[in-house]
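As structure tokens, the structure follows; a few thoughts come after it.
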Amino acid sequence: MQWQSPTWQLRGGKKLNVATSTLVGSRHFLFRIRFQLIGGLTFAIVAPALIRIAFKPDAVYVANLQVTVAAAVIAHLAGFLAYRRIGNFPGVAAASYILPTFVLSYGLVFLTIFFFRFEYSRFQAAASFTQSTLWYFGLSLITRHLDPYRLVVIPGGDVERLRTLPGVHWFWITSPGTVIERANGVVVDLRADLDAEWERYIADRALSGTPVYHVKQVSESLTGRVAIEHLSENTLGSLNPNQAYLKIKQAIDWISALVVVVALSPFVVLIALLIRLDSEGPVLFRQPRIGYRGRIYTVYKFRSMRQQAGIGSDKDKAITKLDDDRITRIGHFLRKFRIDELPQAINILRGEMSWIGPRPEAVVLSHWYEAELPFYRYRHIVRPGVSGWAQVNQGHVAAVDDVMEKLHYDFYYIKNFSPWLDVLITLRTIKTMITGHGAR
């Protein structure tokens with residue numbers, strides 16, 4: 001579910017008959033997309049161009065300014081759209097993603113210009129990027145304190161699960177005659193048996209323009225997890241993710257993996273040499289894992305453990321424990337910064353993996369989880385990834401109970417399968433690589 005800012009707000013008071021409640025006003029103009037976008041384009045694109053023209057009037061006829069303005073508009077629109085879409089996902093402090101998204105959008109656009117050798121204005125490009133980030137940072141700081149999200153909860157069913165969820169101002173009403181001012185939405189368990197008065201209340205709120213959300217939608221949106229109790233519910237919608245995006249994503253993965261392999265080949269040689277000097281054994285670790293549509297394939301990683309180390313069953317050997325004594329000295333470094341995952345670019349080139357997706361499990365662990373957890377195999381409906389939604393939210397886990405929670409994150413990824421979620425995971429993965437969270 002993605003939050004939708006309602007156009008209208010409710011006005012009323014306690015014990016007001018819902019049938020006579022009226023609509024008044026709209027949200028503060030700072031929340032309007034039109035104001036944010038037009039203001040951003042004016043402040044970040046038009047203003048720097050006017051400053052340059054003021055000092056050099058004939059610049060308006062210069063091709064490099066025209067090219068730069070057009071490129072900056074494209075980069076600004078892409079950054080704005082990505083920033084808004086990413087901000088809809090759970091656990092996202094939208095302000096913290098303003099700089100990364102605009103770095104990405106401006107970087108890609110002006111890298112394209114540089115590649116095709118178009119002339120451009122460095123002043124205009126730098127000013128547009130800087131003022132784009134400043135504009136949306138400023139808006140974020142102001143709007144964050146203007147209007148906290150307000151949701152009305154109708155009693156009954158499974159709504160109690162919401163009490164522990166942060167980030168929302170909850171209003172727990174007890175009477176259908178209560179109308180909360182400036183409510184952003186109404187939350188109800190639509191599977192619960194509600195009496196006629198509550199059903200009329202829900203209908204009136206929907207007709208008045210206030211969004212009505214099922215409790216499960218809200219829970220998913222705030223936690224980033226999808227819990228499925230019964231497959232017959234089919235709460236994931238279609239059992240097949242967007243096929244068009246699957247193809248587009250595979251093409252992007254293949255091209256980027258090829259670039260990584262070529263560009264980082266000297267670095268790969270250095271890492272291989274350090275591994276051989278640190279401990280005996282091959283440079284690459286190979287392991288059968290369950291992949292796309294349940295097919296078994298061989299995953300490649302830099303070896304970070306001693307060869308043939310450890311005793312016990314195959315299942316025990318496949319689990320990496322906290323502070324595992326099998327990890328080599330160079331292995332600790334490789335794992336902390338996720339460098340050990342780099343050879344999986346080979347798997348991506350072979351069409352077996354993606355950069356982003358549910359992490360693949362060893363065959364022995366996958367069979368164990370399938371026997372213990374319902375719907376586990378469903379996660380194989382998309383290609384496994386080098387990083388994923390569960391990894392950036394939960395880190396590395398192995399126990400069955402933790403894997404159940406991981407499965408809920410995987411289902412959320414599949415349900416919300418989109419380029420925007422992939423961009424968010426990519427940005428969080430970079431942060432994870434720097435902090436080392438979740439590495440074992």
Self-check item: Listed pairs Lys336/Lys406; Lys301/Lys406; Lys216/Lys406; Lys247/Lys415; Lys301/Lys415; Lys216/Lys247 exceeding 26 Å between Cα atoms
Solution: Lys301/Lys415; Lys216/Lys247
Exercise. Provide the gained length on full extension for the span Arg163 to Ile142, in nm with one decimal, where the gain is 0.36 nm per separating residue minus the Cα-Cα distance.
Key: 4.8 nm
Self-check item: Proxy reagent accessibility, fewest Cβ within 10 Å first, across Val268, Val103, Val218
Solution: Val103, Val268, Val218
Quiz prompt | Sites matching trypsin sites (Lys or Arg not before Pro) across the stretch 55-139 that sit in DSSP coil, with at most 15 neighbouring C-beta atoms within 10 Å | solution = Arg117
Practice problem: Would you please put 377-388, 203-214 in order of how densely packed they are, using the mean number of other Cβ atoms within 10 angstrom per residue and starting with the highest? | Solution: 377-388, 203-214
Quiz prompt | For Asp422, Asp401, Asp189, order by how many other beta-carbon atoms lie within 10 Å, fewest first | solution = Asp401, Asp189, Asp422
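I need the trypsin sites (Lys or Arg not before Pro) found in the stretch 260-299, filtered to DSSP loop residues with at most 13 other beta carbons within 10 Å of theirs.
Those that pass, being in a loop and sparsely packed, are Arg295.
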Quiz item: Where in the stretch 143-211 are there chymotrypsin sites (Phe, Trp or Tyr not before Pro) that are in a DSSP coil and have at most 14 other Cβ atoms within 10 angstrom of their Cβ?
Solution: Tyr149
Quiz prompt | Spacing of the two label points (7 Å from each Cα toward its C-beta) at Phe375 and Arg306, in nm | solution = 4.3 nm
Quiz prompt | Stretch gain in nm, segment Thr298-Val269, where the contour uses 0.36 nm per residue and the Cα spacing is subtracted | solution = 8.3 nm
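On a full-extension model of 0.36 nm per residue, what is the gain between Thr426 and Trp170, subtracting their alpha-carbon distance, rounded to one decimal in nm? Please list the in-between numbers first.
Values: separation 256, 0.36 × 256 = 92.16 nm, distance 3.19 nm.
Fully extending the segment from Thr426 to Trp170 adds 89.0 nm.
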Quiz prompt | Rough spin-label spacing in nm, given labels placed 7 Å along Cα→Cβ, for Gln243 and Ala59 | solution = 5.2 nm
Quiz item: Where does each of Glu199, Glu341, Glu280 land when they are ranked from fewest to most other beta-carbon atoms within 10 angstrom?
Solution: Glu280, Glu199, Glu341
Quiz item: How high is the FRET efficiency between Lys336 and Glu197 when r is their beta carbon distance and R₀ equals 56 Å, given to the nearest 0.05?
Solution: 0.45
Quiz item: Taking Rh as the Kirkwood radius, which is the inverse of the mean 1/r over Cα pairs, what is the Rg/Rh value for the stretch 148-223?
Solution: 0.92
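Any read-out appearing in this document is the output of simple, stated calculations on the displayed coordinates, not a laboratory observation. Because the structure is a prediction, the values reported are computed rather than measured. Heads up, the Cβs are rebuilt from the backbone with ideal geometry, glycines too, and the neighbour counts pull from every protein chain shown.
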